[in-house]
Amino acid sequence: MQTIRYGGDYNPEQWPEETWHEDVRLMREAGVNLVSLGVFNWGIIEPAPGEYDFADLDRIIELLHEAGVGVDMGTPTASPPSWLRRAHPEIRLVDHEGRALAGGSRHGVCPSSPAYLDACANIAERLAERYGAHPAVELWHVHNEYGWANAACYCPVSTAAFQQWLADAYGDIDRLNDAWGTAFWGLVYRAFDQIEAPAIAPPGVNPALQLDWKRFSNDAHIASYRLQRDAIARHSQAPVTTNFMIPNCEDMDYWRWAKEVDVVANNHYLIAERPENHIELSMSADLARAVAGGPWMVMEHSTSAVNWQPRNLAKGPGEMRRNSLAHLARGADGLMFFQWRASRVGSEKFHSAMVPHGGTDTRVWREVVDLGGDLERLAGVAGTDVEAEVAILWDWESWWALELEWRPSEDLRYRERIEAYYTSLWKQHVTVDFAHPEADLSGYRLVIAPASYLLTAEAAKRLHGYVEGGGNLLVSYFSGIVDEHDAVHPGAHPGALRETLGLWVEEFHPLPEGAGPALDSGGRGRIWSERVRLDGAEAVGVFAEGPDAGHPALTRHRLGGGNAWYVATALDHTTGLRELLGDALDTAGVQRPTGVPEHVEIIRRGRYRFLINHTDQEVAVPGPRGVDALDGTVHTGDIPVPGGGVVITTIIEE
Ligand code: GLA
């Protein structure tokens, strides 16, 4: 039987040796079986170039190993030592405004700098040589949060690397001119070295240049990761990963990253003040599972408050448990925290931890110990799959493109639409996968494209085939508009999806801020209206008012064996989206439980059924028959779930 990995970032270098002994004892008490070590210790283990001091690390690894605690071995490259910055000032990150960033913090480095990359590969290799075969080392944790504060660097080295990246991608400058549409404003290039990084400039920088810059910057970080991964692999058989920031990092394309790691590891922090923040957590978990293509692990979440939000609200009793078990329900095989012991020093001392400043006579510690106990009993969950019949399309490139400047409305936001659809499905107890637009979608009953502004011809062809083959596709406005270079697909909008949807759009009518037009079918739109012209589709809802009064707002196109729906305005759960999705789910044959309150999460993972009650009232959730995975109670009828509680059953009969 596999185990669920449980633990957190462990920074013993901040503590005297006697505390290490207490740490290890408490780790055993809490059921901790994995800690991330050495994520930020470069300045300690390499005090001067080529001089190493591994004495403390050697001792702490032995202590952990003796206690049966595995090591997720960090490489400390997110926080380069001050000697490196001093010897090589050119490694400093240059920001969009052209300022070279000072030290005193972490991450302020250029991801393409040869001096930095050499030093990173070297320290990774030294660590792997020393610890690669150590039986405690179960996993490698390269770097920390690639792209966190240095997603893109605008220094001359990066600019030259960008030019080379473009030369490799296009081969010929005229191919680039064509792809980028440089005839516009006559921004033609005659050689790759004429191309500048899109640093601060007058408005209207070529959007195709900006998209390739994002791709290049993402690739620069991937290349930097690969150097370390490959250095480690020369000395160690243990899997290698790095921690992602899904979905809150816009800049890294995690579809691409997921191919580079042995296990997907994700960091997620609740947005404390956000209403219904547990839905955003679920979305993060579902997206992490999607990029992983199966089980994944939480590398960091928090036991209670963080320290970097405007008001760092503490988690209430039971909230950490609900959060952790929601990740588990949605495919996580590991639940790790930042961090093990709350720091006394430095900039994160007001961040919660598994061991709070107040020690073990605290609610947080008791909940940490209880969760560790639960996870031991839930070991059978590890490695099992979550099944979903509905997919939402997610593409970082579409996010990048949609939010470039000079769009028809600044209210066209990528996550806004994805979250509207995700939230409504969540409240209807529908588990969703996320999928790349070019993925094989044939296994899904319903596919939703809430924000596919950028859609390649290949993706459009696949979506068309999916519908013709009997699939159900629901597309929201301003999707299928441009290709991978932000060029409008030929002809009327939405060029990539016109035939699939059986319609074309004559004119966009973005709306002023606030509530928008009512629909005759019920509900009310926001943000967007447009003049839809039917060409095969039928109208199933019409704008009752506004610039497109009397014209289609919701349409359905029967194509081959399937259906393609279109929504020409922004609906939300309570303003028409619940009903629209309900119709699409019914047509697609997606079953949902009835009579369960909205804020009770129901997730199937393997033979396990997770019931997570985010309300403060006890609820009774209908069968199937199951055995409580934590206390062995056999449930034959409705299953009571206490307010704020979690019940997990092993299904014994469908
Ligand atoms: C990030 C980092 C950690 C820590 C936490 C605090 O996720 O990876 O090192 O700074 O944030 O929330």
For region 532-654, what D do you get in µm² per second when you plug the Kirkwood radius from alpha-carbon pairs into Stokes-Einstein at 4 °C and 1.567 mPa s? 74
Please report, in Å, the Rg and the Dmax of region 600-653, where both are computed over Cα atoms only. 10.0, 29
Ignoring ligands, DNA and RNA, what accessible area per residue does region 600-653 give at 1.4 Å, in Å²? 40
How much length is gained on full extension from D168 to H357, taking 0.36 nm per residue of separation minus their Cα-Cα distance? 62.8 nm
Averaging over every viewing direction, what projected area does the convex hull of the Cα atoms of region 176-260 cover, in nm²? 7.8
Label D262 and V540 with points 7 Å out from Cα along Cα→Cβ: what is the distance between them in nm? 4.8
On a C-alpha basis, how far is the centre of region 1-74 from the centre of region 478-524 in Å? Whole number, if you could? 54
What ranking do 446-453, 397-404 get when scored by the average of other Cβ atoms within 10 Å per residue, highest first? 446-453, 397-404
From the C-alpha coordinates alone, can you work out the Kirkwood hydrodynamic radius of region 104-167, in Å? 13.9
Protection proxy ranking, peptides 101-107, 234-240, 278-284, 363-369, average beta carbon neighbours within 10 Å, highest first: 278-284, 363-369, 234-240, 101-107
Please give, to one decimal in nm, the separation of the simple spin-label points placed at E403 and E196, each 7 Å out from Cα toward the Cβ. 2.5
Please work out the average accessible area per residue across region 390-588, using the 1.4 Å probe convention, and give it in Å². 35
Net dipole in debye of the chain [+1 Lys, Arg Cβ; -1 Asp, Glu Cβ; about Cα centre; nearest 20]: 440
In whole percent, the fraction of accessible protein surface over the chain that belongs to carbon or sulfur atoms, probe radius 1.4 Å, stands at 49
Cβ-Cβ FRET estimate between D616 and R25, R0 fixed at 30 Å, reported to 0.05: 0.25
Only Lys, Arg (+1) and Asp, Glu (-1) charged, at Cβ; region 600-653 dipole about Cα centre in debye: 320
Burial ranking of peptide ranges 588-595, 241-248 (average Cβ count within 10 Å, highest at the top): 241-248, 588-595
Per the C-alpha gyration tensor (a ≥ b ≥ c, the square roots of its eigenvalues), the chain is rounded if a/c is under 1.5, else prolate if a/b beats b/c, else oblate; here it's oblate
Counting Lys and Arg as +1 and Asp and Glu as -1, each charge on the Cβ, what is the dipole of region 390-588 about the Cα centre in debye, to the nearest 20? 500
Once label points are set 7 Å from the Cα along Cα→Cβ at both A233 and A149, what is their separation, rounded to one decimal in nm? 3.1
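The values are calculated or read from the model by the stated rules, or taken from the named source; none is laboratory data. None of these values were measured; they are calculated from a predicted model. No Cβ is skipped: glycine too gets one built from the backbone with ideal geometry, and neighbour counts run over all protein chains shown. Ligands, DNA and RNA are excluded from the accessible area calculation, which covers all protein heavy atoms including side chains. Shrake-Rupley method; radii C 1.70, N 1.55, O 1.52, S 1.80 Å.
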